[in-house]
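Colleague: Quick one: the structure is below, questions incoming.
The values are calculated or read from the model by the stated rules, or taken from the named source; none is laboratory data. Everything numeric in this text was worked out from a predicted model, so none of it was measured. Cβ placement follows ideal geometry from the backbone for every residue including glycine, while neighbour counts extend to all protein chains displayed. Areas reflect the complete protein model, heavy atoms only, side chains present, ligands, DNA and RNA absent. Shrake-Rupley method; radii C 1.70, N 1.55, O 1.52, S 1.80 Å.
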Amino acid sequence: DFGNVLGWRDCGIPGAKTVMLDAHIDQIGFLVTEVTEEGFLRFTTVGGVDQRMLLGSELTVLTKKGSILGIVAAIPPHLQKAGDNKKSVPIPEMVVDIGMTGDQAKKAVRVGDYMAFANDAMELQGDALCGKAFDDRACLVCLLHAMDLLQGKPLAVNVVVSATTKEETGFQGGISAGFKIQPEYAIAVDVTHARTGDAPQVIVKLGDGPNVDLGSNSNPKFAKRVIEVARAKQIPHIVTSCPSASGTNAWPIQMQGQGITTLVVSLPLKYMHTTVETIDLQALKEGGRLIAHFLSELDAG
């Protein structure tokens with residue numbers, strides 16, 4: 001099933017309904033398309049990569065023999081032609097330098113090998129944490145935090161945590177998981193854009209807490225109940241509208257079987273699809289607390 005990882009918690013009640021909690025674990029990346037005679041790697045993108053921020057990036061080349069560190073080559077300003085610094089370089093003109101000769105590179109790397117950003121996470125001031133692939137692995141941590149909070153507490157519903165793949169390339173993992181699990185209810189937890197200095201039109205701020213979506217991928221009664229729980233438990237949160245497809249796994253999960261009742265809960269994140277995605281750790285914890293309280297208050301009906 002595309003490499004999805006599913007964790008099941010059975011409540012022990014015959015005929016109990018099932019709630020699916022989903023967060024995708026894939027990340028944007030790259031695919032090697034050519035190993036040149038000079039030892040450079042040409043590549044294409046996997047998922048929504050912004051070519052403007054690639055030059056000089058550190059990448060990990062994932063080969064069958066192990067990982068190799070590489071860098072996206074960047075022409076120094078001294079060697080650029082007039083006007084070059086005012087335009088982005090197209091992906092087909094970029095190469096990755098792995099420090100090998102042509103013969104060495106052809107033995108080490110094959111066409112079709114994947115590449116990923118190599119950056120480590122780092123702490124900023126306050127509760128901010130910065131790094132790659134927080135879209136959407138931060139939300140999986142949010143779900144795991146919820147399950148930690150529920151340890152030893154009785155539930156009236158079965159819970160399945162789905163860590164799904166291929167969300168960035170067409171939702172295949174979410175489709176497969178939804179079809180396999182066939183839950184009555186599903187919450188897709190994904191990131192949403194947080195306001196930055198260069199994007200003041202964005203409503204959500206980093207420290208606002210979890211975001212409950214209202215729209216076509218969020219059942220109104222489902223969303224209302226989660227909002228009621230957030231208010232009753234004094235959990236910081238924000239409510240936003242998403243009238244069309246949310247771009248999350250809630251969309252494909254919703255369409256499985258006879259139709260699954262879905263909800264989108266989002267974690268505010270800055271600089272999506274870059275190597276410096278930034279989240280607020282307190283908001284992540286509040287998201288887990290919200291989901292834990294919601295599940296613990298569900299009855300058998």
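Colleague: So, in the range 172-190, exactly how many residues are surrounded by fewer than 23 Cβ atoms within 10 Å (Cβ to Cβ) and either of a type in the set (K, R) or in contact with a helix residue (DSSP H, G or I) (Cβ under 8 Å, 6 or more places away or on another chain) (or both)?
Modeller: Counting residues in the range 172-190 that are surrounded by fewer than 23 Cβ atoms within 10 Å (Cβ to Cβ) and either of a type in the set (K, R) or in contact with a helix residue (DSSP H, G or I) (Cβ under 8 Å, 6 or more places away or on another chain) (or both) gives 3.
Colleague: Can you tell me which residue within the range 211-230, out of those that are among the aliphatic types (A, V, I, L, M) and not in a helix (DSSP H, G or I), is least open to solvent (accessible area, probe 1.4 Å)?
Modeller: V212
Colleague: Taking into account only those residues within the range 231-253 that are surrounded by fewer than 23 Cβ atoms within 10 Å (Cβ to Cβ), polar (S, T, N, Q) and not in a strand (DSSP E or B), which is modelled with the highest pLDDT?
Modeller: Q234
Colleague: Within the range 32-54, restricting attention to residues that are more than 30 Å from F171 (Cβ to Cβ) and open to solvent by 60 Å² or more (accessible area, probe 1.4 Å), which residue is nearest to the chain's Cα centre (by Cα)?
Modeller: F40
Colleague: Now, a different point. So is K132 at pLDDT 95 or above, buried (at least 19 other Cβ atoms within 10 Å of the Cβ), on the phi > 0 side of the Ramachandran plot and out of contact with any Leu (no Cβ under 8 Å at 6 or more places or on another chain) or not?
Modeller: No.
Colleague: Within the range 193-210, restricting attention to residues that are out of contact with any helix residue (DSSP H, G or I) (no Cβ under 8 Å at 6 or more places or on another chain) and among the hydrophobic types (A, V, I, L, M, F, W, C), which residue is surrounded by the most Cβ atoms within 10 Å (Cβ to Cβ)?
Modeller: Only one residue tops the list, namely V204.
Colleague: Got a sec? Which of G112, G152 is part of a loop (DSSP other than H, G, I, E, B) and touching a strand residue (DSSP E or B) at 6+ places or on another chain (Cβ under 7 Å)?
Modeller: Matching residue, one of G112, G152: G112.
Colleague: P200 passes all but one of (1) of a type outside the set (A, V, I, L, M, F, W, C); (2) closer than 24 Å to G7 by Cβ; (3) without any contact (Cβ under 8 Å) to a residue 12 or more places away in the chain; which number fails?
Modeller: So P200 meets the others, but not (2).
Colleague: Can you spot a residue in the range 271-283 that is out of contact with any Ser or Thr (no Cβ under 6 Å at 6 or more places or on another chain), within 13 Å of D208 (Cβ to Cβ), open to solvent by 10 Å² or more (accessible area, probe 1.4 Å) and not polar (S, T, N, Q)?
Modeller: Within the range 271-283, one or more residues are out of contact with any Ser or Thr (no Cβ under 6 Å at 6 or more places or on another chain), within 13 Å of D208 (Cβ to Cβ), open to solvent by 10 Å² or more (accessible area, probe 1.4 Å) and not polar (S, T, N, Q).
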